[in-house]
1. Would you say residue 370 is in contact (Cβ under 8 Å) with a residue 40 or more places away in the chain and within 18 Å of residue 15 (Cα to Cα)?
2. Mind checking whether some residue in segment 188-202 is closer than 30 Å to residue 375 by Cβ, crowded, with 20+ Cβ neighbours inside 10 Å and within 14 Å of the ligand (Cβ to nearest atom)?
3. Can you tell me how many residues in segment 142-171 are touching a residue at least 24 places away in the same chain (Cβ under 8 Å), closer than 16 Å to residue 193 by Cα and in a strand (DSSP E or B)?
4. Of all residues in segment 349-359, how many are touching a strand residue (DSSP E or B) at 6+ places or on another chain (Cβ under 7 Å) and crowded, with 19+ Cβ neighbours inside 10 Å?
5. Give me a count of the residues in segment 318-336 that are touching a strand residue (DSSP E or B) at 6+ places or on another chain (Cβ under 9 Å) and assigned to a helix (DSSP H, G or I).
6. Report yes if some residue within segment 334-348 is surrounded by fewer than 21 Cβ atoms within 10 Å (Cβ to Cβ), within 29 Å of residue 210 (Cα to Cα), in contact with a helix residue (DSSP H, G or I) (Cβ under 8 Å, 6 or more places away or on another chain) and at pLDDT 95 or above; otherwise report no.
7. How many residues are touching a helix residue (DSSP H, G or I) at 6+ places or on another chain (Cβ under 8 Å), away from the ligand (no atom under 11 Å from the Cβ) and in a helix (DSSP H, G or I) when one looks only at segment 98-129?
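The values are calculated or read from the model by the stated rules, or taken from the named source; none is laboratory data. In this text, all values refer to a predicted model and were calculated from it rather than measured experimentally. Every residue, glycine as well, gets a Cβ built from its backbone with ideal geometry; the counts of neighbours run over all protein chains shown.
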Ligand SMILES: Cc1ncc(COP(=O)(O)O)c(C=O)c1O
């Protein structure tokens, strides 16, 4: 056995990987798979952002940069936080990382001590618990019930806080639930946090621009005067600007936390890629940035409503209406215990595997998000694909007896 580090035992093998590997193998073999698995926009990065990247290369921005990033990008991010979020971060309170994922990882590493607990509402994005464990912390879950639109209540939060709780993580709009808290609901949670002065908040706001049905987005750190000094606000270009592959994430937060993250990053990756920094700044400051985000948002809203209506019309399937991000997260547990094509369905993984195998639709089982009764479907795909895929799901369900 090759001698791996003990910490590798902390990271779980993703049980959803088998399903996505199978989907890829089927596609390669020429099978017409309808893919609802992707966690990324199907749009391309807007042209003016690509042009800015070419200009950065032509200007010679190809060398090492300061760890947080070039001053131009720091200033653009601080301006964005002030303008869009009423967050008065100064440029020195900003840092960047290789996507939202790397930003979160660095922050857990910089702030968690062994035994510290991080409260994570479920359903949750798959990487949170793994990152907390790698940083020596312990994930603790607060279940967002489907009957409450997957949202946790202030009482649940209050009851979950112990002397060991160091971080409360909030992700609204959310992956995979597609839910988003109203400003009043968030404020009620903020008031609980305000009563616990040792608690730090991580607010993962990467889906902030993708909200529907007139919902107003507010940044958590603005909701109580005591929160700005103990909240880290995470954002990225991946979802809003269709830039998943560019790996641009950023954090605004208390100076001591940002300094610690910079220290860590200076010994890790040094900084994000030099020639992505100018286009990242342009995306935030050029008015075409906001226009392209809004045009994508409108299309996602239409597709999300359509997918939700179609899923809700399937027999015995329940689905919370998506108010943000680009996911529907239906409950398929009424079919557990039934069989199709000789395969017994026992949980979301076996449901997803049989659906893929027999009717060629790829969905993500909710097991790695704390919900083995639900599957995630991304509506970052065309309406035609949505109809085709849900027709197939309907046929699959009919076979289950
Ligand atoms: C809730 C949430 N946070 C963070 C991330 C990470 O984003 P990035 O692709 O910028 O690393 C994702 C990506 O799917 C996500 O869904």
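1. So residue 370 passes the test.
2. Yes, that holds for at least one residue.
3. 7
4. 6
5. Here the count works out to 2.
6. Within segment 334-348, not a single residue is surrounded by fewer than 21 Cβ atoms within 10 Å (Cβ to Cβ), within 29 Å of residue 210 (Cα to Cα), in contact with a helix residue (DSSP H, G or I) (Cβ under 8 Å, 6 or more places away or on another chain) and at pLDDT 95 or above.
7. So the answer is 6.
To keep it simple, each residue is scored yes or no on (1) at pLDDT below 95; (2) touching a helix residue (DSSP H, G or I) at 6+ places or on another chain (Cβ under 8 Å).
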{"site": "31", "(1), (2)": "no, no"}
{"site": "35", "(1), (2)": "yes, yes"}
{"site": "41", "(1), (2)": "yes, yes"}
{"site": "45", "(1), (2)": "no, yes"}
{"site": "58", "(1), (2)": "no, no"}
{"site": "72", "(1), (2)": "no, yes"}
{"site": "76", "(1), (2)": "no, yes"}
{"site": "84", "(1), (2)": "no, no"}
{"site": "89", "(1), (2)": "no, yes"}
